[in-house]
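The values are calculated or read from the model by the stated rules, or taken from the named source; none is laboratory data. Everything numeric in this text was worked out from a predicted model, so none of it was measured. Cβ: placed from backbone, ideal geometry, glycine included. Neighbour counts: every protein chain shown.
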């Protein structure tokens, strides 16, 4: 599949259609169910899922789709054989959606040979969209910048200021994260929900996002493509690139999202996490 600006624009259009459906539900009373793993599920998750899956089947009928809500595919393990596929999270940050704080997104990524090569992260409440592909660069679209051009391009920060801007939770920090921050030096916390944590780095508003907690591949794939297209990197704790569909489970290992390559973000990682 050849990726160009039109490809990216088509995926942005699909993500916005899904976002509009989410907002229609967000504006009214909605029920919240629980999945088998106790994570929340709303009608907005399912509405977004169906819009995206149906649109991708029309746009690229030969490329399969794996969604967080693709229960049958996930149970069968069919996706483990795919070399190229769409990986989507129809509503990333369902907890944020339920809290009505606006920090939730629509995530659509294209995976090829275990790499996320294209990604779109759409924020329905603000109508902001982050998009990226390595060959094209990374972009941020707002109400005032509706087209993918040089003015809408974004890049990671080339130098990390002091204090370092670290993406993390202000109130819920694991012991491993606390140890990392203590070893890092002077820092300030930049708090954000869902895959927007990655996007802060992509647009130069943060320097490092250490993730020492579990995530699923659909949580990270789209935003990883944006960060890498903006010049950043998403790595396993040993410094190798975070990859997809390389194991029998959908969970990611712990990882680091980093902007400036001049800083050694890895030396402060607690040794217990590297075993």
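Details
- Test: residue 263 is surrounded by fewer than 24 Cβ atoms within 10 Å (Cβ to Cβ) and out of contact with any helix residue (DSSP H, G or I) (no Cβ under 8 Å at 6 or more places or on another chain): yes
- Checking each residue in the range 213-228 for being more than 18 Å from residue 106 (Cβ to Cβ) and at pLDDT 95 or above picks out only 228.
- Residue in the range 7-23 that is more than 21 Å from the chain's Cα centre (by Cα) and either at pLDDT 95 or above or assigned by TED's automatic domain parsing to the domain that holds residue 120 (or both) present: no
- Strands (runs of 3 or more DSSP E) contained entirely in the range 133-195, each with at least 2 residues that are touching a residue at least 60 places away in the same chain (Cβ under 8 Å), within 21 Å of the chain's Cα centre (by Cα) and not assigned by TED's automatic domain parsing to the domain that holds residue 219: 137-141
- Where residue 206 falls short, out of the listed (1) touching a residue at least 40 places away in the same chain (Cβ under 8 Å); (2) over 16 Å from the mean Cα position of the chain (by Cα): (2)
- Only one of the listed residues (11, 88, 84, 73) is over 15 Å from residue 125 (Cα atoms) and out of contact with any helix residue (DSSP H, G or I) (no Cβ under 9 Å at 6 or more places or on another chain). That residue is 84.
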